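**Q** My structure is below; once you've seen it, I'll send some questions.
The values are calculated or read from the model by the stated rules, or taken from the named source; none is laboratory data. Only a predicted model underlies this, so the values are computations on that prediction, with no experimental measurement involved. Here Cβ is always computed from backbone atoms with ideal geometry, including for glycine, and neighbour counts include all displayed protein chains. The protein model used for the area step is the full one, side chains on, heavy atoms only, and it has no ligands, DNA or RNA in it. Shrake-Rupley method; radii C 1.70, N 1.55, O 1.52, S 1.80 Å.
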Amino acid sequence: MKTIGAIIFASLIFLQTLYAKELSVLGILDEMIIRYGGEESLKQLNSYKQIWDVETKMGNSHGTDTREIRLPNFLKVELVYPNRSEIRILDHAKGIKKYPNKTIEAKGPMLDAMKLQLMRLYTPLELKKRAKDIKVLEDDNFYVLILEQDDLVANYFVSKKDYYISLVIGELSMNGSKMEFRTFYEDYAITHGVMMPHKEIKYAGSVNTAILRLKEVSFF
């Protein structure tokens, strides 16, 4: 956890300490594509399904997170815990949440949070399509790719060591204040020829909310 703590500290102060340079966004993304397994392998992540084991840090319960991703516009997340469940569906910027006894339309910050979750799942190939909208900063350890989309901001911390995404910070406005969601990515390993993280550590603000471990992956 020492490394995680160091990255958290770095992420909190990066706006003050990072400096802009004449960096090539396309150059960084092209290297990422190579390191993740190449363009053909990465295309598998245009449409896939994952099942994660979830250890919640608030309430100390365990459950599953089943995701269906169809880039660039569709995300379905089914969360199942011993005492509750819900399904979140984002389809072309429209969102709904389904509970056992009701379905509601996602609006405002709820919808924005769903959009940010999809943005954090963008692959290097998907980011390359948006290269003209991406700004890049750097410090000693990371390139930070900054993508603003629909008044939301996603900051992708790309390790200079291996060109994998180590952290994504999503930013949205909530009741006039900025809210940050952090997801750390660990335990990268090859799956079906593509490099994927097998562990996620999630924070809402400064609070560690959950640790997820990958169980299954299938491609459509």
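**Q** Name the single residue that is surrounded by the most Cβ atoms within 10 Å (Cβ to Cβ) among those in region 98-117 being basic (Lys, Arg) and within 20 Å of Asp65 (Cβ to Cβ).
**A** This residue is Lys115.
Yes or no, residue by residue, for (1) acidic (Asp, Glu); (2) more than 14 Å from the chain's Cα centre (by Cα); (3) closer than 19 Å to Gln117 by Cα:
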| residue | (1), (2), (3) |
| --- | --- |
| Val136 | no, yes, no |
| Val158 | no, no, yes |
| Leu167 | no, no, yes |
| Met174 | no, yes, yes |
| Gly193 | no, yes, no |
| Lys215 | no, yes, no |
| Phe219 | no, yes, no |
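**Q** Just to be sure before I move on: is Gly95 open to solvent by less than 30 Å² (accessible area, probe 1.4 Å), touching a residue at least 24 places away in the same chain (Cβ under 8 Å), in contact with a helix residue (DSSP H, G or I) (Cβ under 9 Å, 6 or more places away or on another chain) and part of a strand (DSSP E or B) in the structure I sent?
**A** Criteria not met by Gly95.
**Q** Next question. May I ask you to list the residues in region 42-69 that are among the polar types (S, T, N, Q) and in contact with a helix residue (DSSP H, G or I) (Cβ under 9 Å, 6 or more places away or on another chain)?
**A** Asn46 - this is the single residue of region 42-69 that is among the polar types (S, T, N, Q) and in contact with a helix residue (DSSP H, G or I) (Cβ under 9 Å, 6 or more places away or on another chain).
**Q** Examine region 94-106 for a residue that is under 16 Å from the mean Cα position of the chain (by Cα) and at pLDDT 95 or above, and state whether such a residue exists.
**A** The answer is no, given that none of the residues of region 94-106 is under 16 Å from the mean Cα position of the chain (by Cα) and at pLDDT 95 or above.
**Q** Would you please name the residue that is most open to solvent (accessible area, probe 1.4 Å), looking only at residues in region 172-190 that are within 20 Å of Gly37 (Cβ to Cβ) and touching a Phe, Trp or Tyr at 6+ places or on another chain (Cβ under 9 Å)?
**A** Tyr188
**Q** Test Glu55 against the stated conditions and say whether it is assigned to a strand (DSSP E or B) and either under 27 Å from Val153 (Cβ atoms) or modelled with pLDDT under 95 (or both).
**A** no
**Q** Continuing with this model, one more query. For region 70-89, does any single residue satisfy the condition of being aliphatic (A, V, I, L, M), within 17 Å of the chain's Cα centre (by Cα), assigned to a helix (DSSP H, G or I) and closer than 19 Å to Tyr185 by Cα?
**A** no
**Q** Follow-up question, since we're still on this one. Test each condition in (1) among the hydroxyl-bearing types (Ser, Thr, Tyr); (2) within 22 Å of Arg67 (Cα to Cα); (3) free of Cβ contacts under 8 Å to residues at least 12 places away in the same chain for Ser177 and report the one that comes out false.
**A** Condition not satisfied by Ser177: (2).
**Q** Moving to a separate point now. Please find, within region 27-52, the residue that is nearest to Lys76 (Cα to Cα) out of those that are of a type in the set (A, V, I, L, M, F, W, C) and assigned to a strand (DSSP E or B).
**A** The residue in question is Ile51.
**Q** Look at Pro82 and say whether it is modelled with pLDDT under 95 and open to solvent by 30 Å² or more (accessible area, probe 1.4 Å).
**A** So Pro82 fits the description; yes.
**Q** Looking at region 159-171, can you tell me whether even one residue there is farther than 21 Å from Ile28 by Cα and surrounded by fewer than 21 Cβ atoms within 10 Å (Cβ to Cβ)?
**A** Looking through region 159-171, at least one residue is farther than 21 Å from Ile28 by Cα and surrounded by fewer than 21 Cβ atoms within 10 Å (Cβ to Cβ).
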